[in-house]
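A.B. asks: Structure provided below as structure tokens; questions to follow.
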Amino acid sequence: MAEVLALVKKHLGPHAVILHTRKYKRGGILGIGARQVVEVTAADRMEVKPRSATRGATPPAPKRREIEPSAGDLIRKTYHAAQAELQRRQPLRTDTATVAVAAAPSFANAAPAPVPSAVVKLAPTSDLTHEMRVVQRMVGRMVSQQRIRENKSGERSDLPEKLFDQYLTLLRQEVAEELAEEVVGKVQASLSSSQMDDAGAVRQAVLGAVAGFIPTDDDTVKVQKSTDGRPRTIALIGPTGVGKTTTIAKLAATFKLRQKLRVELITLDTYRIAAVEQLRTYANIIGVPLHVVVNADEMRQVMQKCRSADVVLIDTAGRSQRDDPRLEQLRTFIEAADPHEVHLVLSSTGALSVLMDAVERFSAIRTDRIIFTKLDEAVSFGVLLNVARKVNKRLSYVTTGQEVPHQIEPGRADRLAELVLGGGV
């Protein structure tokens, strides 16, 4: 129906609405080989007039409110036009479904009379790369004419073409529109006119601007000794299913095998026996002790036992951000351990609303760093930039797969900026 609605809007205008649909069979012999046809009755909503209570009275015409479209709106509005251009360029397949679209008259009179149906064949849009090029070209032409920005002197100037290409890349990567605006604004203010004509220079400037919005943690490359005489204590918290246990095993292997530190593991995840056994297996392979803690008092006792270690890593049970009692229990565990660092682990595959909800719910627990996991499964990376910008907590690590001890790396702003601009994991 989405394609049908697109066709209706194409023929009748952007305010068209579907009034009625009817399905029936057409062609074939004795019902064999018949093809299903959907007949759609539609009308321009702005031209439809409701019946007046007084015969002959004409209701006032609805007022149209002019709203300046945003760049994101322009891309969405141009999408169907791009599909139409593709259909004109590509031959129609003979096995596509047939849709009959009928234009309905005004409701000012009696019941609408039958109107001859126009049969339209919908061609599949399989060439996504070509389709996006068409969208970019068409939106580029539209924005170059309609989207005008204010520079520092208050004069009106068009967004340069090379910079606009990078702006589109940010939007395609699902970077929030206001953040994309801020990025290109910084770049436009920093580059000269000649530099704006250099695609490489513009891209490097955009990379720098994006990286500037991502605070990172310099302590992740090499673990720093604590100043209070205790082992460096690091706790991982976060929602269920984000990969905390695998991530903490990778950190334990990195510290023990690569940095030659004395590492001890603590797990609070007694709700899932399989999780404890999984971490125990990792601990045995890496050669580090594992302690299982069930309450805050045990946490304090175990922390005393681990005083000879260089690093103590604490794995916590996954908590639903909607489970307030469990979050409160987790907070008491963290307070008893008093870690030097608390890392909130978030999955790169989550939607922005889900990630921000997790950030808000876990804010009741002291958090000073973020870990993004599953970068290899992410469809786009703009969401990560949105989260990093809104939360403004240091990015400590990212993970790019399930392999232990590999596929983990310190969070680097330039690395994430490359991903946001379309680089591969």
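The values are calculated or read from the model by the stated rules, or taken from the named source; none is laboratory data. All figures in this text were calculated on a predicted structure; none of them were measured in a lab. In this analysis, Cβ positions are derived from the backbone assuming ideal geometry, glycine residues included, and neighbour counts consider all displayed protein chains. All accessible areas refer to the heavy atoms of the entire protein, side chains included, with ligands and DNA or RNA removed. Shrake-Rupley method; radii C 1.70, N 1.55, O 1.52, S 1.80 Å.
A.B. asks: In whole percent, how big is the carbon plus sulfur part of the accessible area of the range 195-249, probe 1.4 Å, protein atoms only?
C.D. replies: C and S atoms contribute 47 percent here.
A.B. asks: Now a separate question. Need one value: the accessible area of D197 in square angstrom, 1.4 angstrom probe, rounded to the nearest 10.
C.D. replies: So the heavy atoms of D197 present about 120 Å² to solvent.
A.B. asks: Contour minus end-to-end for D414 and S190, with contour as 0.36 nm per residue of separation and end-to-end as the Cα-Cα distance?
C.D. replies: 78.8 nm
A.B. asks: Shape of the range 274-320 from its Cα gyration tensor (a ≥ b ≥ c, root eigenvalues): rounded if a/c is under 1.5, otherwise prolate when a/b > b/c, or oblate?
C.D. replies: oblate
A.B. asks: Using a 1.4 Å probe, what is the accessible area per residue for the range 340-425, in Å²?
C.D. replies: I get 38 Å² per residue for the range 340-425.
A.B. asks: Take the residue pairs K256/K305; K162/K390; K250/K305; K186/K390; K162/K186; K244/K305 and return only those whose Cα atoms are more than 21 Å apart. Walk me through the numbers on the way to the answer.
C.D. replies: On the way: K256/K305 18 Å; K162/K390 27 Å; K250/K305 23 Å; K186/K390 18 Å; K162/K186 14 Å; K244/K305 24 Å.
Table pairs above 21 Å Cα-Cα are K162/K390; K250/K305; K244/K305.
A.B. asks: Please go through the range 247-356 and write out the trypsin sites (Lys or Arg not before Pro) that DSSP classes as loop and that have at most 16 other C-beta atoms within 10 Å.
C.D. replies: On the way: sites: K250, K256, R258, K260, R262, R272, R280, R300, K305, R307, R319, R322, R326, R331; in loops: K260, R262, R272, R307, R319, R322.
Listed in order of number, the matching sites are K260, R262, R272, R307, R322.
A.B. asks: If you don't mind, there's one more thing I want to ask. Using a 1.4 Å probe and ignoring any ligands, DNA or RNA, find the accessible area of S363 and quote it in Å² to the nearest 10.
C.D. replies: Approximately 80 Å² for this residue.
A.B. asks: Taking H as built 1.01 Å from N, whose amide H comes closer than 5 Å to the amide H of L159, not counting residues under 5 places away?
C.D. replies: The list, which skips near neighbours in sequence, is R149.
A.B. asks: Run through the range 377-425 and list the GluC sites (Glu not before Pro) located in a DSSP loop whose Cβ has at most 13 other Cβ atoms within 10 Å.
C.D. replies: E403
A.B. asks: Could you give the length gained by full extension between R307 and E277, i.e. 0.36 nm per residue of separation minus their alpha carbon distance, to one decimal place?
C.D. replies: 8.4 nm
A.B. asks: Could you work out the percent of alpha carbon pairs in the range 188-295 separated by over 18 Å, rounded to a whole number?
C.D. replies: Here the tail beyond 18 Å accounts for 63 percent of pairs.
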